[in-house]
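This report concerns only the one structure given below.
The values are calculated or read from the model by the stated rules, or taken from the named source; none is laboratory data. Computed from a predicted model, the values in this text were never measured in an experiment. Here the Cβ positions follow ideal geometry from the backbone for every residue, glycine too, while neighbour counts run over all protein chains shown. Side chains are part of the model used for accessible areas, which takes the heavy atoms of the whole protein and leaves out ligands, DNA and RNA. Shrake-Rupley method; radii C 1.70, N 1.55, O 1.52, S 1.80 Å.
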Amino acid sequence: MITTQLIERITSYFTKNFKDEPISIFSPGRINLIGEHTDYNDGFVFPAAIDKGIVAVIQKSKTSTCSVHALDLEETIEFSLDNIIPIEDGGWKNYVLGIVSELHKSGKKIDNFNLVFGGNIPDGAGLSSSAALENSIVFALNELFELELSKEEMIFISQQAEHSFVGVKCGIMDQFTSMFGQKGKALMLDCRNLKAIPVDIDFKEYGILLINTNVKHSLANSAYNNRRQVCEKIVELLEVKSLRDATETMLQEIRGQISEDEYQMALYVIQENCRVQRALHAIQSENIDTLGKLMLASHKGLSEQYNVSCEELDYLVDEAINDSNTIGARMMGGGFGGCVIQLIKKKVIDTYSNYIQTAYKTRFKIDCNIYTVELSEGTHKIY
């Protein structure tokens, strides 16, 4: 969770260095229960904001430049509002610059500011630290300069910043979930119209366990772009707006015009959209067992049809399946590394965590990291 200690550490650094009392913002990371690689196909996803995220503190600057400090990395960027361009290999700095640039493009006027941020989202875990950072910055600037942006306008600024300054053609799920998350609820999100159904989830005796593989294979970026291209090709052949509008019957009719790999990838997306809708009914009827089975089917599709898993992810899911206290598990995120999300009985989480850390280290000669999370409120002002 975002602790008082974390907030005080970031605020203390700010007041010490800038001699001013800042506005404080919290923006959470997210998990996704089910619905992977469906967001950029206008499909359905089932994410939730979590109690790990970014704290950003901000106040107007008395100098002629802006200063942003990443406390955890001990890195600072200073820049002029008159010269906003991407930095080659700039990492987090381009998220900041991208937000400022998109605000300028939208006609919103901001002045110089000082900002410090830090957080507790595990690095590389696929919990969308990038969206949390983007949202924290745009939300902070909106508060500080009274820009009167709606939350929906802010998430599109965040998304466009990632497109134009970071070079990642991300969907909108991460920014939406981080901004609109609700405590104790998941969001059944329609990525075409951005209509979300908040759903109370009673996991009963089960808890959410995240296991970070601590790997990111080099295939990730090229494979992501390739799968988007395949989806676009199928859409063109089917003459539909997106794979959201396709059915298995329609796909079967063009099977002779595409490769088997392309067929399986498109079939996965169509089936995953159906699984998300079935998951909604399972959760609403408090049928957690069915949710678990849908998660396992999702992973099987991601691994064997969409081909975005890896040995480490598959191993963790296989181990989860073999444990009688687990009812669901799957890889989460873009693939080729990152996290497995697992639904496991709370009473055995510590025991299982000790087991899997040892087994994983023995198998792959690297550590995996374990996290437990609660469902949290979205981006908001702390004080």
Long-range HN-HN contacts of Tyr206 with modeled amide H, under 5 Å: Lys346
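Taking only protein heavy atoms into account and a 1.4 Å probe, give the accessible area per residue of the chain in Å².
Numbers: 16460 Å² over 383 residues.
Spelled out: the 1.4 Å probe surface of the chain, per residue, equals 43 Å².
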Carbon plus sulfur fraction of accessible area for the chain, probe 1.4 Å, in percent: 46
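According to the Kirkwood expression over distinct Cα-Cα pairs, how big is the hydrodynamic radius of the stretch 250-346, in Å?
Radius from the Kirkwood sum: 14.2 Å.
Place a +1 charge on the Cβ of each Lys and Arg in the chain and a -1 charge on the Cβ of each Asp and Glu, then give the dipole magnitude about the Cα centre in debye, rounded to the nearest 20. Provide the component values of the computation, followed by the final result.
Values: 37 positive and 52 negative charges, 97 e Å.
Rounded to the nearest 20 debye, it is 460 debye.
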Separation of alpha-carbon centers, the stretch 114-159 and the stretch 24-83, rounded to whole Å: 4
Heavy atoms of Arg30 accessible to a 1.4 Å probe, total area in Å² rounded to 10: 10
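Which value, in debye to the nearest 20, describes the size of the charge dipole of the stretch 134-212 about its Cα centre when Lys and Arg Cβ atoms bear +1, Asp and Glu Cβ atoms bear -1, and nothing else is charged?
I would put it at about 280 debye.
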GNM flexibility winner over the chain from Ser178, Ser150, Ser129 (Cα, springs under 10 Å): Ser150
Long pairs among Lys151/Lys195; Lys151/Lys183; Lys185/Lys293; Lys183/Lys293; Lys105/Lys169; Lys169/Lys233, criterion Cα-Cα beyond 22 Å: Lys183/Lys293
Computed log₁₀ I(q)/I(0) - Debye formula, equal Cα scatterers, no solvent, the stretch 4-135, q 0.13, 0.18, 0.20, 0.23 Å⁻¹: -0.61, -1.07, -1.23, -1.42
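Summing Lys, Arg as +1 and Asp, Glu as -1, what charge do residues with Cβ under 9 Å from the Cβ of Ile23 carry, Ile23 excluded? Show your work: numbers first, answer last.
Values: positive: Lys381; negative: Glu21, Glu143.
Summing Lys and Arg as +1 and Asp and Glu as -1 gives -1.
Determine, for each peptide in 23-29, 140-146, the mean count of other beta carbons within 10 angstrom over its residues, then list the peptides with the highest first. Before the final figure, lay out the partial values.
Values: 23-29: 26.1, 140-146: 18.3.
Result, highest mean first: 23-29, 140-146.
For the chain, report the convex hull volume of the alpha-carbon atoms normalised per residue, in Å³, without decimals. Walk me through the numbers on the way to the answer.
Numbers: hull volume 54.0 nm³, N = 383.
Value for the chain: 141 Å³ per residue.
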Paramagnetic label zone (point 7 Å from Cα along Cα-to-C-beta, Asp367; backbone N under 18 Å) in the stretch 202-245: 210-216
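Got the relative contact order for the chain handy, in percent, Cα pairs under 8 Å and 6 or more residues apart? Before the final figure, lay out each step's value.
Values: 768 pairs, mean separation 91.6, N = 383.
After rounding, I find 24 percent.
Could you give the length gained on full extension between Ile382 and Lys16, defined as 0.36 nm per residue of separation minus the Cα-Cα distance, in nm? Working shown, then result.
Numbers: separation 366, 0.36 × 366 = 131.76 nm, distance 1.95 nm.
So the extension gain works out to 129.8 nm.
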Computed accessible area, His217, all protein chains, 1.4 angstrom probe, square angstrom: 70
Cross-link reach list, aspartates and glutamates versus Lys381, counting only Cα pairs under 18 Å and skipping chain neighbours closer than eight places: Glu8, Asp20, Glu21, Asp51, Glu134, Glu143, Glu146, Glu148, Glu152, Glu153
